[in-house]
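Read the figures in this text as sums done on the coordinates, not as results from a lab. Since we're looking at a predicted model, the values are computed, not measured. In this analysis, Cβ positions are derived from the backbone assuming ideal geometry, glycine residues included, and neighbour counts consider all displayed protein chains.
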Amino acid sequence: MRRNYSREVSQSLGRTRREFLRDAAGVTLGSALFRPSWARAAVASSKRKVVVITFGGGARDQETFMQEGQENIPHLMRELIPRASFFTQVVNHGILGHYVATASLATGVYETFNNFAAVSPESPTIFEYFRKDLKRPSSDAWVVAPSNGFNRIGESTHRSYGGGLGARVILPKRLLTAATSGGSHDYQHLLRDNYESPYFTPDLVGNEFELQQLENILKLSVDDFKSHAQTLSSPDELSVFIARRLMRQVAPSLLWITLHDIDVAHAGAYSLYIEGIRRTDRLCSELWNAIQTEPEYAGNTTLFILPDFGRDADDDAGGNGFQHHRTGDTLSRTTWMLVAGPAVREGVVFDRAVDSLDLVPTVGSLLGFNAAFAQGKPVHEVL
Ligand SMILES: [Zn+2]
């Protein structure tokens, strides 16, 4: 998997990102040694909550952090990065397919299953560690996932875990399909499921179970849901609407939201890709504001934002610029992570290499569970 990866290129990418952020968002380079002792004790661990936002399909720096791209991410640049610890070099050494990569982020192990199969991860997920160690009910860990292919991401097949210990997974598109009985053309733009493979079109038929989730858990009538959905312009807007509803009605302590609009880049239309980046930027800010205003989350929630991986470099013949992530080159593997919350230093950037697998042990240290089979290391700068 490391065939095309160069540590030097990755380091230099991280340093360049740091320079762009320092100039535009006024952040300073963080020292791993300095740690304010008051921060950790501020929130009792039993009250802490974590929200993780991942993007299925990152963006290149040209359209984001570089000077000419910054206009596409005003919320990240002006609202979020100045309030966050930002890691400029997060390296994914695994398979660059969205489901398998997101599952790897959630297990802390590079999963190796076929990306286009709706299977469970083999290693225990963050949700299982959290629920088993801390004895939390199923209502306390939720995933909002973009595609029906993600419906098994909440629970592994691991024999020490699995078996009813996972997260509840909500698939907004399936909810919408159930609410409209699969028949209405008004909602087709919200139901697009996969930008990569025309051959992978998972069954999105909704059923009675989804309608019960809608009414009993989200407290939404079918009619209210349908009329609200008509005001939304993309699948990610639908996901964020559902996530906010979950925060209000259920307030899970561990909430994982996977966005996917940027991956429209595969279709090759640059304007749609830019639109996806701008929308994602706005939706991240919307979720951050929801955390600040929902009483169950305000003051006790740490937010993690990270793309699953990046996109190919322009100069790679197989890469075709912004469009794909097929080469496994260093740019497509070197992404970033933003962490914000009450015990996290603000306006600080770190450019040491962090591994995609470090997320699970980091959340484990924060919430107080042991990610026993995860292979990453806690990112101590945010603990
Ligand atoms: Zn993709």
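The local environment of Arg159, defined by Cβ-Cβ distances under 15 Å, has a net charge of -2 under the rule Lys, Arg +1 and Asp, Glu -1.
Charged neighbours of Ala229, selected by a Cβ distance under 10 Å, balance to -2 (K, R count +1; D, E count -1).
Here's how it looks for Val349: its modeled amide H is under 5 Å from those of Thr28, Leu29, Gly30, Phe86, which are all 5 or more places away or on a different chain.
Taking a threshold of 20 Å on the Cα-Cα distance, which of the pairs Lys47/Lys132; Lys47/Lys135; Lys135/Lys377; Lys173/Lys226 fall above it? Can you show the working numbers first?
Values: Lys47/Lys132 17 Å; Lys47/Lys135 14 Å; Lys135/Lys377 23 Å; Lys173/Lys226 12 Å.
The pairs that break the limit, which is 20 Å between Cα atoms, are Lys135/Lys377.
Look at the Cα gyration tensor of region 24-159: its axes a ≥ b ≥ c give a/c of at least 1.5 with a/b at or below b/c, and that counts as oblate.
Across the chain, how large is the tail of the calculated P(r) beyond 28 Å, expressed as a percent of all Cα pairs?
Value for the chain: 41 percent of Cα pairs lie more than 28 Å apart.
Exposure here means at most 13 other Cβ atoms within 10 Å; with chymotrypsin sites (Phe, Trp or Tyr not before Pro) in a DSSP loop as sites, the longest stretch of the chain lacking them is 200-383.
Place +1 on the Cβ of every Lys and Arg and -1 on the Cβ of every Asp and Glu in the chain, take the dipole about the Cα centre, and give the residue among Gly149, Thr88, Ser271 whose Cα lies farthest towards its positive end. Positive-end residue among those listed: Thr88. Distances between placed amide hydrogens fall under 5 Å for Phe55 paired with Leu259, Leu306, Asp308, all partners being 5 or more residues away or on another chain. Sparse packing (at most 14 other Cβ atoms within 10 Å of the Cβ) combined with a DSSP loop state is found for the following trypsin sites (Lys or Arg not before Pro) in region 316-383: Arg352. About its Cα centre, the dipole of the chain is roughly 1320 debye, where the only charges are +1 on Lys and Arg Cβ and -1 on Asp and Glu Cβ. Convex hull volume per residue, computed on the Cα atoms of region 125-201, equals 110 Å³. Close amide-amide hydrogen proximity is noted between Thr301 and Lys49, each under 5 Å apart and 5 or more residues distant or on a separate chain (H modeled in the peptide plane; Pro and chain starts excluded). For Val354, neighbours were defined as the other residues whose beta-carbon sits under 12 Å from its Cβ, and their charges (Lys and Arg +1, Asp and Glu -1) total -2.
List the DSSP H helices in the chain whose Cα atoms stretch 18 Å or more along the helix axis and whose mean Kyte-Doolittle hydropathy is at least -1.0. All intermediate terms of the calculation are to be shown ahead of the outcome.
Details: long enough: 7-25 (26 Å, -1.11); 235-249 (21 Å, -0.24); 270-293 (35 Å, -0.36).
Flagged H segments are 235-249, 270-293.
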